[in-house]
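Read the structure below first, then the notes.
Every number in this text was worked out from the coordinates using simple rules, so none of it is lab data. Small disclaimer: the values here were computed from a predicted structure and weren't measured. Every residue, glycine as well, gets a Cβ built from its backbone with ideal geometry; the counts of neighbours run over all protein chains shown.
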Amino acid sequence: MFADYTWTELGSIFAMQGFAGLILFSVFVLMALGLAIIFGQMGVINMAHGEFMILGAYVTYLCSNFFEAYLPALFGIYFFFAMALAFLAAGTLGALVEWSLIRHLYKRPLDTLLATWGLSLILQQAYRSIFGAREVGVTLPNWLLGSVPLTDIIEIPINGIFVMVLTFVIAIAVYFILFRSRMGMQTRAVVQNRVMAGAVGINTEKVDRNTFALGCGIAGIAGSAFTMIGSTGPTAGQLYIVDTFLIVVFGGAASLVGTIASSFAISQAQSTMEFFLSGSMAKVLTLLTVVGILMLRPQGLFSLKIRR
Amino acid sequence: MLNVAHYHVAYGQSEVLHGLDFTVAPGEIIAIMGRNGMGKTTLMKSLMGIVPTKDGAAAVDGVDVTTMKSYERVANGIAYVPQGRLIFPTMTVQENIETGLSLSGRRKVPGDIYELFPVLLDMKSRRGGNLSGGQQQQLAIARALATNPKVLLLDEPTEGIQPSIIREMARVLKRIRDERELSIVVSEQVLSFALDVADRVLVLENGRLVHDEPRESVDEEKVAAFLSV
């Protein structure tokens, strides 16, 4: 399959597909970070995670329309407001869902799967009723359009660079929240032993709610970023949820580095293979490799070594 | 400091503790002795709010804590070192102690805790799960002390720990009591440790307190008879 191309062409193809993979990687990381917090830390299988992401995307869409109509002078920076709003909207919905649904199911992990799947159907229909079944897209400000020519055949889109920088910043922030802040320490304590965390003076219910809201909020930011590379529809979240779970499990639950490494591996493999094979063939090959590796290493790529 | 009155605890329909009454004075160490299955751990757990109380009341320093959640009891001055230690295995030693600071709002581990347990200072960056049993026990006590308690509950602290460290622990518990005027409740099966550390020895048998005597007058053989199977 490589025979039809010259070496320079192949080099450029790999570079550009590699870059497309990096953008996919960024969205995967943002999605998976939220899920790694909720699934990896709390053990809750949140099937509605994709819908939280799409909520962020719709908030961004609304913001873009609002700024275009009423505040055209600030349109160039609407995206930052949209991200903050997406985080707040998804986080608030997350806290509400945790309070009304999830907290009753901590001792029944498989039931969370059913409950959140039902929630995802409800949310999808809600989006369809409110925003319509047609996909919507946002208008990007001018400074995010266009691309940077690297050589005469390799071009790198600016919005892709922006999404990557954004992902990097969010990943660092999540690391600090989980491993350097009081809230993160309390979260990890609750995760490891809920009863004992209460007995050293941690309000476990509050920590659960904040953690779930944080994971959902990050999904909202992922949705914001998602609007730059794809169009938003009621069911767009469904396309990503399986991949995201795969990433979290492959990377090793509760390991942030593992999540990032496995996002990278999976997105690059898919993006590069999609160019040469069909999309579904690329997916089959990726899945087979991941399943094979997980059979040899059930704990995922990265896991902590301690006595238990 | 700790008042327990008419205290009933049940798992569903099966009642385990049938009305306990005892008080612990400030700065007093009491040992609650008893064989397996007599209700020692249930008493500890219910005092900590992990198992609900069916009837009766427990009060710390005059404040009724019977219906409080665990973290609210901690705020009212109860601290708990559970059976099997239950430290947080993937967190470092320092982080483990810091979890105890959650309520007080302090960020730094107070120096006197490391002074009591110098070995924890040497190992503060290690993961709790990689410590030995005796070190984990010290860590669990340090974590409980970080909450700045008035009453410290220890559930079978000598379980699975070598004799030299048991003697060391008795010394540390008495030192903690002297420095902080703490009331300490130890549940125990090892008579020598209980006699070494306690001011008063209580015996729990089938969910009732059947014996309550100051250390000085304890008849060792009589208490030992309660413990033999």
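Between beta-carbons, use under 13 Å as the cut-off and find the net charge around A:Ala269, counting Lys and Arg +1, Asp and Glu -1. Every neighbour counted, the sum reads -1.
Other protein chain C-beta atoms within 10 Å of residue C-beta, averaged over B:77-89: 3.
If you put +1 on each Lys and Arg Cβ and -1 on each Asp and Glu Cβ, how big is the dipole of chain A around its Cα centre, in Debye rounded to 20? That gives a dipole near 1500 debye.
Normalising the Debye intensity of the stretch B:7-65 to I(0), with uniform scatterers on Cα atoms only, and taking log10 at q = 0.23, 0.27 Å⁻¹ returns -1.05, -1.33. For the protein assembly as shown, the spherically averaged projection of the C-alpha convex hull amounts to 30.8 nm². Note on B:90-102: average number of Cβ atoms from other chains within 10 Å of each residue's Cβ is 5. Length gained on full extension, B:Arg107 to B:Ser132, computed as 0.36 nm times the residue gap minus the Cα-Cα distance: 6.4 nm. Here the peptides A:263-269, B:101-107 are ranked by packing, the mean other Cβ count within 10 Å, and the order with the highest first is A:263-269, B:101-107. Rounded to the nearest 20, the Cβ-based charge dipole of the stretch B:2-227 about its Cα centre (Lys and Arg +1, Asp and Glu -1) stands at 900 debye.
At R0 = 35 Å, how high is the FRET efficiency between A:Trp7 and A:Asn142 if r is their beta carbon distance? Nearest 0.05 is fine. Calculated value: 0.45. When peptides A:41-49, B:131-139, A:115-123 are ranked by their average number of other Cβ atoms within 10 Å per residue, the highest-first order is A:41-49, B:131-139, A:115-123.
If R0 equals 60 Å, the separation of the Cβ atoms of A:Phe14 and B:Glu72 corresponds to a calculated FRET efficiency of about 0.50.
Per the Debye calculation on the stretch A:30-253 with a single equal scatterer at every Cα and no solvent contribution, log₁₀ I(q)/I(0) for q = 0.11, 0.18 Å⁻¹ amounts to -0.56, -1.30. What 222 nm value per residue comes from the helices of the protein assembly as shown, counting each DSSP H run with n ≥ 4 as -39,500 (n - 2.57) and dividing by all residues, nearest 500 deg cm²/dmol? Computed ellipticity for the protein assembly as shown at 222 nm equals -18000 deg cm²/dmol.
Need one word for the stretch A:204-308: rounded, prolate or oblate. Basis is the Cα gyration tensor (sqrt eigenvalues a ≥ b ≥ c); a/c below 1.5 gives rounded, then a/b vs b/c decides. The shape class here is oblate.
Considering only B:Ala75, B:Ala57, B:Leu152, the residue lying farthest towards the positive end of the dipole of the stretch B:2-227 is B:Ala75, judged by Cα position with unit charges set on Cβ.
For the segment A:201-207, counting C-beta atoms of other chains within 10 Å of every residue's C-beta and taking the mean gives 6.
Going from the residue with the fewest nearby Cβ atoms within 10 Å to the one with the most, B:Tyr114, A:Tyr5 rank A:Tyr5, B:Tyr114. Note on B:Ser192 and A:Ile156: their simple-model spin labels are 7.1 nm apart, each label 7 Å out from Cα toward Cβ. Structural descriptor for chain A: relative contact order 35 percent, calculated from alpha carbon pairs under 8 angstrom and at least 6 residues apart. The convex hull drawn around the Cα atoms of the stretch B:2-227, when projected onto a plane and averaged over every direction, covers 11.7 nm². The residue among A:Met281, A:Ser181, A:Leu301 whose Cα reaches farthest toward the positive pole of the charge dipole of chain A, with charges on the beta-carbon of Lys, Arg, Asp and Glu, is A:Ser181.
When Lys and Arg each count +1 and Asp and Glu each count -1, what net charge do the other residues less than 15 Å away from B:Ile161, Cβ to Cβ, add up to? Taking every other residue near B:Ile161 into account, the sum is -3. Sum up the charges of everything whose Cβ sits under 12 Å from the Cβ of A:His104, counting Lys and Arg as +1 and Asp and Glu as -1, but leave A:His104 out. It works out to a net charge of -1.
Within a straight-line Cα-Cα reach of under 18 Å, B:Lys124 can be paired with the following lysines, leaving aside sequence neighbours fewer than 8 residues apart in one chain: A:Lys305, B:Lys108. Suppose we keep just the DSSP beta bridges with both residues in the stretch B:2-227; what percent of those would be antiparallel, to 5? Among the beta bridges of the stretch B:2-227, antiparallel pairing accounts for roughly 55 percent. The value of relative contact order for chain B, using C-alpha pairs under 8 Å at least six residues apart, is 29 percent.
Along the axis of the charge dipole computed for the protein assembly as shown (Cβ charges of +1 for Lys and Arg, -1 for Asp and Glu, origin at the Cα centre), the listed residues A:Leu96, A:Ile77, B:Leu121 are led at the positive end by A:Ile77. If both residues of a DSSP beta bridge must be in the protein assembly as shown, then about 60% of such bridges are antiparallel. Placing +1 on each Lys and Arg Cβ and -1 on each Asp and Glu Cβ, with no other charges, gives the protein assembly as shown a dipole about its Cα centre of roughly 180 debye.
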